[in-house]
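Encoded as structure tokens, the structure appears first; notes follow it.
The values are calculated or read from the model by the stated rules, or taken from the named source; none is laboratory data. What you see is a predicted model; the values in this text were computed from it and never measured. FYI the Cβ positions are ideal-geometry reconstructions off the backbone, even for glycines, and counts take in every protein chain you see. For the accessible areas, the whole protein counts, side chains as well, though only heavy atoms, and no ligand, DNA or RNA atoms are used. Shrake-Rupley method; radii C 1.70, N 1.55, O 1.52, S 1.80 Å.
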Amino acid sequence: MIFSDLYINGKWVEGAGRHPVYDPSNGSVITEIAIAGEKEVDAAMNAAAAAFLTFAQIPSRQRGEMLRRAFEIMIAEADDLARLISRENGKVFADAKGEVLYAAEFFRWFSEEAVRIEGDFRTSPSGDKRIIVTNQPIGVSLLITPWNFPAAMATRKIGPAIAAGCTVIVKPAIETPLTTLAIADILHRAGVPAGVVNVITPTPAGPAVTRLLEDPRLKNLSFTGSTQVGKILLKQAADRVIRTSMELGGNAPFIVLDDADIDEAVSGAMIAKLRNGGAACTAANRFYVSKKVVAQFTEKLTAAMKEIKMASGLTEGAQLGACVSVKERNKIADLVTASIAQGADVKLGGKTPAGDGAFYPPTVLTVAADNEILKEEIFGPVAVIVTVESDEQAIALANDTEYGLISYIYSADLGRALKVAEAMESGMVAINRGVISDPAAPFGGYKQSGLGREGGFDGVHEFLEKKYIGAAF
Ligand code: NAP
């Protein structure tokens, strides 16, 4: 069943109009979702504010059990949800299924964290006072998510919010709202009370989000999306000094040192580059490969990329699906064209296929270190390789970006890899692995890749306020 209305105060409600959701692999309309107008935005805020009064008081064990039930339902229905993700996002079924399993793990992880929210009791250094620190739910939170992981980016925020005792208004990306609406139904069946989770789909997003940010009852903004939109929201949040958590864009370097096992590096590169069709904030964007091994690495990576089967997401055996829209596909194509004009050597792909679907083929480019494509988040199946002379040059080039989400390093020498890892200006570093996202680990970026951490022990703290109670007796 496809849910296409707004989910407000535990009920499905119609909005101020309808908006089509497309299947990007063929351009067909999957369904039309309700558009949230001012009335529905206000209704969502009223519901979340009213529900907070009681939800924050519910024992954490009960909140954890709701999340645990949601995890179990999501796992039991993983294939259905994966098919929905594949249809609205374009990614292949295998990637969509992987996303559902990853997304469900946030519910499980935070079901366990709900009962472990710590406090502190200490004697002051002077000896005559007591320092009591308690963590309290921050209140109504606005959760804004992108289209590239419509399930995981929602559960990575909803899970800790429920664990902390907060109520939320979720605003998914307009290209992929159906997955979030389906997750609202799962939470409903898991026994999450009315008003705790509300999902609205306004379009355009700006006015509705501004309306919510201006409402004094909103206490927290958790955003995942582009750095460009993140900056707009940070400025708006500043007006009311709203707490923010920002998971923004990336431009991940993938460093292959001269002692790396090249077959291992190529398999890691295939995952880091092609998981989710390259539309991941963690996607390897710039390959810095030692001069000694660059020819071998390029040849093997090109051969592996050539074998990838590109087809619509639900086709048996498909490994690379459509981009989320023709607009996104054209952005990738334009970056590649500009890079070629600047001297990139095309080893594979680089040409937009004909037809209705938003497809872009696996592409390998070798470029000079000053090629402009290295400055952009490509968000597609395009591997860009640069030759480096030394570890020091790899580090300097890798850090030469305003982004700092994740870096990848391949080396046979763990000590050498750790030295490079410590020099990376990024919130996460993968050593000899093509993917390290883990609900039990802190996810987040340095520099313009974000503020705060999701997942791990930190995630729930994005939804908590620390209160210090000083007592003398
Ligand atoms: P986006 O354009 O920034 O959109 C993200 C969300 O913000 C969508 O829900 C969008 O709504 C909303 N939005 C857009 N303009 C807005 C405005 N003026 N005011 C309020 N909300 C607004 O990003 P995207 O293209 O969906 O996602 C791709 C980006 O997300 C990439 O840069 C990627 O790196 C980043 N990302 C980061 C992480 C991380 O954890 N660091 C994870 C995944 C993705 P509409 O869809 O309705 O416009």
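Computed quantities for the displayed model
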read-out: Length-normalised contact order of the chain in % [C-alpha pairs under 8 Å, at least 6 apart]; value: 19
read-out: 0 to 90° range, to nearest 10: angle between helix 414-423 axis and the chain longest Cα axis; value: 60
read-out: Gyration tensor over alpha-carbon atoms, the stretch 55-209, equivalent ellipsoid semi-axes in Å; value: 33, 17, 14
read-out: Restraint check, Lys292/Lys331; Lys39/Lys157; Lys231/Lys447, Cα-Cα greater than 23 Å; value: Lys292/Lys331; Lys39/Lys157
read-out: Positive-end extreme of charge dipole, the chain - chosen from Asn220, Met74, Ile183 (charges on Cβ); value: Asn220
read-out: Per-peptide average of other Cβ atoms within 10 Å, ordering 73-81, 318-326, 189-197 highest first; value: 318-326, 189-197, 73-81
read-out: Whichever aspartates and glutamates have a C-alpha closer than 16 Å to that of Lys97, once near sequence neighbours (fewer than 8 apart) are set aside; value: Glu72, Glu77, Asp79, Asp80, Glu88, Glu105, Glu316, Asp438
read-out: Partner aspartates and glutamates for Lys219 [C-alpha distance under 20 Å; skip if fewer than 8 residues away on the same chain]; value: Glu38, Glu40, Asp42, Asp239, Glu247, Glu454, Asp458, Glu462, Glu465
read-out: Accessible surface of the stretch 65-209 [probe 1.4 Å, protein heavy atoms]: carbon and sulfur percent; value: 54
read-out: Rel. contact order, % - alpha carbon contacts under 8 angstrom, at least six apart, the stretch 252-438; value: 29
read-out: Dimensionless Rg/Rh of the chain - Kirkwood Rh, Rg from C-alpha atoms; value: 0.99
read-out: ³J(HN,Hα) computed for each position of the stretch 138-155 - Karplus, 6.51 cos²θ - 1.76 cosθ + 1.60, integer Hz, glycine/proline x; value: 6, x, 5, 10, 9, 10, 10, 10, x, 8, 6, 10, x, 8, 5, 5, 6, 5
read-out: Cα→Cβ-extended label distance, 7 Å offset, between Glu307 and Lys327, nm; value: 3.7
read-out: Listed peptides 399-407, 334-342 by packing density, highest first (mean Cβ within 10 Å); value: 399-407, 334-342
read-out: The stretch 368-445 versus the stretch 79-137: alpha-carbon centroid distance in Å; value: 26
read-out: Within the chain, percent of DSSP bridges classed antiparallel, to nearest 5; value: 45
read-out: Reachable lysines from Lys347, criterion Cα separation under 18 angstrom, eight or more residues apart if same chain; value: Lys273, Lys291, Lys300, Lys306, Lys309
read-out: 0 to 90° range, to nearest 10: angle between helix 177-189 axis and the chain longest Cα axis; value: 40
read-out: Pair Glu264, Asp185: separation of 7 Å Cα→Cβ label points (nm); value: 4.5
read-out: Sulfur and carbon atoms: percent of accessible area, the stretch 252-438 [1.4 Å]; value: 50
read-out: Between 0 and 90°, nearest 10: helix 60-76 axis offset from the chain longest Cα axis; value: 40
read-out: Solvent-accessible heavy-atom area per residue, rounded to whole Å², over the chain at 1.4 Å; value: 40
